[in-house]
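K.L.:
Have a look at the structure that comes next, please.
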Amino acid sequence: MGGFNSTVETMENVETMQATQTMQTMQTVQPKKEVSYETEPFTGNVIQNGREILLQAFNWESHKYDWWRNLENKVPDIAKSGFTSVWLPPPSHSIAPEGYLPQNLYSLNSAYGSEHQLKSLLQKLRSYKVRAMADIVINHRVGTHQGHGGMYNRFDGMPLPWDEHAVTSCSGGLGNRSTGDNFNGVPNIDHTQNHVRKDIIGWLTWLRKSIGFQDFRFDFAKGYAAKYVKEYVEESKPLFSIGEYWDSCSYSSGLDHNQDNHRQRIINWIDETGGLCAAFDFTTKGVLQEAIKGQLWRLRDSQGKPSGVMGWWPSRAVTFIENHDTGSTQRHWPFPSSHVIQGYAYILTHPGLPMVFYDHFYDCGQSMHDQIVKLMEIRKRSDIHSRSSIRILEAKSNLYAAIIGEKLCMKIGDGAWCPNGEEWKLATSGHGYAIWNK
């Protein structure tokens, strides 16, 4: 593990220099004109720049609320707040209204709204220079007709009319065994089949070039080998992509302090995509939501770095505190509700690529919305990016303090603390957090 960590550090040092050069170049040129879907730059530019602030723009209940129209009305505020990309729920026809049991991938009439409403939303996001991220659910697909073994493992009567050979043998098909974990109860797609991958690439390319999505989020990325994600990204060329590699943290009597094995598995997945994909930093979420309860020492690892993926490969770490699975009405792994703003004070000031959850931004009152916007403004003003340096100054039960990028200083917790030096000016503060900058 130590050897790989050293390799990551080397890669990050090179990328930091590249990112600095990129920003210097960007500051000397005029803003780019609108480009067509076919001629947009490939994914590397976004990762290299490292200045993303993402919004997950839905929760588990959103399908009930005329969602594409609701979001279209919020686009001006989303853009003004400073979000660069908006993760939308699965766009395709699905047996379940939430979108995660897809059937007809080419039908964009879903419980969230019609294809026309979706395209209207995408056009408005584009007009406000905010990228749209499609939720790509390609681990499994619900069949239309019974085939081998009496299972619904055929897809007759619609585009991509696969038969049982497109379904893994471990989920009722005649294909090969899965290259990842099985998603129980539905046919799992066999990504080893050349015709299946060709069809998936065609669909992803259609979403990019014809529909207007620019970014991808790969659902249940543990379900199939990362090398296939690499192929899909290389061929369909999203500007930015994220994988959901959700693995269990290490527990004994409680959450273990050392989560190196957990974050290593996420890093291995990223590495197997050729570094083309970022990944959700589930390690940071798991550590942070325990740390925030009076165990802030958890936020510094044995090497003095942040404890999550952010501490080892920050340019590929999408940090977040909640999503539609962990929170919302599912609450599989919820962040403590009384500490949400402290969670954002942490991820929005730190390296990595932070993501804000819709419920926190729009359903927790104006004060929460405005505090998050303020943190985003400070991040941009201080030019904090995915590879910014970090010095952790304090990490004990009731206090965590760090200097990021040598431009911003922050603390969370009830412990009294402020930075030394008159150059530090208080930028904002609230319940259990404070931020200073130069």
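The values are calculated or read from the model by the stated rules, or taken from the named source; none is laboratory data. All values reported here derive from a predicted model rather than from experimental measurement. Methodologically, a virtual Cβ is constructed for each residue, glycine included, from the backbone with ideal geometry; neighbour enumeration extends over all protein chains shown. Side chains included, ligands, DNA and RNA excluded: accessible areas come from the protein's heavy atoms. Shrake-Rupley method; radii C 1.70, N 1.55, O 1.52, S 1.80 Å.
K.L.:
Among the residues of the stretch 319-375, how many are touching a strand residue (DSSP E or B) at 6+ places or on another chain (Cβ under 8 Å) and at negative phi? Before you say what the answer is, go through the steps one by one.
P.N.:
Filtering the stretch 319-375 for residues touching a strand residue (DSSP E or B) at 6+ places or on another chain (Cβ under 8 Å) gives 319-324, 327, 341-342, 344-358, 361, 371-372, 374-375.
Okay, now just the ones that are also at negative phi, so 319-324, 327, 341-342, 344-351, 353-358, 361, 371-372, 374-375.
So the answer is 28.
K.L.:
Additional query: Can you name every residue in the stretch 164-189 that is farther than 22 Å from Ala96 by Cα, open to solvent by 40 Å² or more (accessible area, probe 1.4 Å) and assigned to a loop (DSSP other than H, G, I, E, B)?
P.N.:
Residues satisfying the conditions are Leu174, Asn176, Arg177, Thr179.
K.L.:
Pro91 - would you say it is open to solvent by less than 10 Å² (accessible area, probe 1.4 Å) and either out of contact with any Phe, Trp or Tyr (no Cβ under 6 Å at 6 or more places or on another chain) or in a helix (DSSP H, G or I) (or both)?
P.N.:
Details: open to solvent by less than 10 Å² (accessible area, probe 1.4 Å): yes; either out of contact with any Phe, Trp or Tyr (no Cβ under 6 Å at 6 or more places or on another chain) or in a helix (DSSP H, G or I) (or both): yes.
Taking the combined requirement at face value, the residue satisfies it.
K.L.:
Confirm whether Ser328 is under 17 Å from Ile390 (Cβ atoms) and open to solvent by 20 Å² or more (accessible area, probe 1.4 Å). If you could, list the steps in order and put the result at the bottom.
P.N.:
Working: under 17 Å from Ile390 (Cβ atoms): no; open to solvent by 20 Å² or more (accessible area, probe 1.4 Å): yes.
When the stated conditions are applied, Ser328 does not pass them.
K.L.:
Consider only pairs whose beta carbons are under 7 Å apart and that are at least six residues apart or on different chains; among these, list those whose first residue lies in the stretch 351-363 and is under 14 Å from Leu88 (Cβ atoms) and whose second residue is surrounded by 24 or more Cβ atoms within 10 Å (Cβ to Cβ) and hydroxyl-bearing (Ser, Thr, Tyr).
P.N.:
The qualifying pairs are Met355/Thr319.
K.L.:
Same structure, new question: Among the residues of the stretch 90-117, how many are touching a strand residue (DSSP E or B) at 6+ places or on another chain (Cβ under 7 Å), over 17 Å from Trp60 (Cβ atoms) and without any contact (Cβ under 8 Å) to a residue 40 or more places away in the chain?
P.N.:
Result for the stretch 90-117: 1.
K.L.:
Quick test of your reading of the structure: Ser302 fulfils all but one of (1) part of a helix (DSSP H, G or I); (2) open to solvent by 10 Å² or more (accessible area, probe 1.4 Å); (3) more than 27 Å from Asp215 (Cα to Cα). Name the failing condition by number.
P.N.:
Every listed condition holds for Ser302 apart from (1).
K.L.:
Every residue in the stretch 190-210 that is touching a helix residue (DSSP H, G or I) at 6+ places or on another chain (Cβ under 6 Å) and in a helix (DSSP H, G or I), please.
P.N.:
Val196, Ile201, Leu204, Thr205, Arg208, Lys209
K.L.:
List pairs: first residue in the stretch 286-297 and of a type in the set (Gly, Ala, Ser), second residue surrounded by fewer than 24 Cβ atoms within 10 Å (Cβ to Cβ) anywhere in the structure, Cβ distance under 6 angstrom, at least six positions apart or on different chains.
P.N.:
Here the result reads Gly286/Cys249; Ala291/Arg298; Gly294/Ser397, each pair linking the stretch 286-297 to a residue that is surrounded by fewer than 24 Cβ atoms within 10 Å (Cβ to Cβ).
K.L.:
Just to check your reading of the model, which residue among Thr283, Thr192, Thr273 is open to solvent by 20 Å² or more (accessible area, probe 1.4 Å) and of a type in the set (Val, Ile, Thr)?
P.N.:
Values: Thr283 fails: open to solvent by 20 Å² or more (accessible area, probe 1.4 Å); Thr273 fails: open to solvent by 20 Å² or more (accessible area, probe 1.4 Å).
Only one candidate qualifies: Thr192.
K.L.:
Which of the numbered conditions does Glu394 fail, given that it passes all the others? Conditions: (1) within 18 Å of Ala291 (Cβ to Cβ); (2) buried (at least 23 other Cβ atoms within 10 Å of the Cβ); (3) not small (Gly, Ala, Ser).
P.N.:
The one condition Glu394 does not meet is (2).
K.L.:
Does any residue of the stretch 139-161 turn out to be surrounded by 16 or more Cβ atoms within 10 Å (Cβ to Cβ), closer than 30 Å to Leu348 by Cα, touching a residue at least 12 places away in the same chain (Cβ under 8 Å) and of a type in the set (Val, Ile, Thr)?
P.N.:
no
K.L.:
Checking Asp359 against (1) more than 18 Å from the chain's Cα centre (by Cα); (2) over 20 Å from Ser429 (Cβ atoms): exactly one of these is not met. Which one?
P.N.:
(1)
K.L.:
Right, here's the next one. Sort through Lys374, Lys411 and tell me the only one that's surrounded by fewer than 21 Cβ atoms within 10 Å (Cβ to Cβ) and either within 24 Å of Arg51 (Cβ to Cβ) or without any contact (Cβ under 8 Å) to a residue 12 or more places away in the chain (or both). Walk me through it before giving the result.
P.N.:
On the way: Lys411 fails: surrounded by fewer than 21 Cβ atoms within 10 Å (Cβ to Cβ).
After applying the criteria, what remains is Lys374.
K.L.:
With the structure loaded, tell me whether Ser429 is under 23 Å from Leu255 (Cβ atoms), open to solvent by 10 Å² or more (accessible area, probe 1.4 Å), free of Cβ contacts under 8 Å to residues at least 60 places away in the same chain and more than 22 Å from the chain's Cα centre (by Cα) or whether it fails that test. Write out each step before concluding.
P.N.:
Details: under 23 Å from Leu255 (Cβ atoms): no; open to solvent by 10 Å² or more (accessible area, probe 1.4 Å): yes; free of Cβ contacts under 8 Å to residues at least 60 places away in the same chain: yes; more than 22 Å from the chain's Cα centre (by Cα): yes.
Taking the combined requirement at face value, the residue does not satisfy it.
K.L.:
Among the residues of the stretch 234-245, are any at pLDDT 95 or above, part of a helix (DSSP H, G or I) and surrounded by 19 or more Cβ atoms within 10 Å (Cβ to Cβ)? Quick ask: steps written out before the conclusion?
P.N.:
Within the stretch 234-245, the subset at pLDDT 95 or above is 234-245.
Still in the list and also part of a helix (DSSP H, G or I): 234-236.
Add one more test, that the residue is surrounded by 19 or more Cβ atoms within 10 Å (Cβ to Cβ), and what stays is 236.
Within the stretch 234-245, one or more residues are at pLDDT 95 or above, part of a helix (DSSP H, G or I) and surrounded by 19 or more Cβ atoms within 10 Å (Cβ to Cβ).
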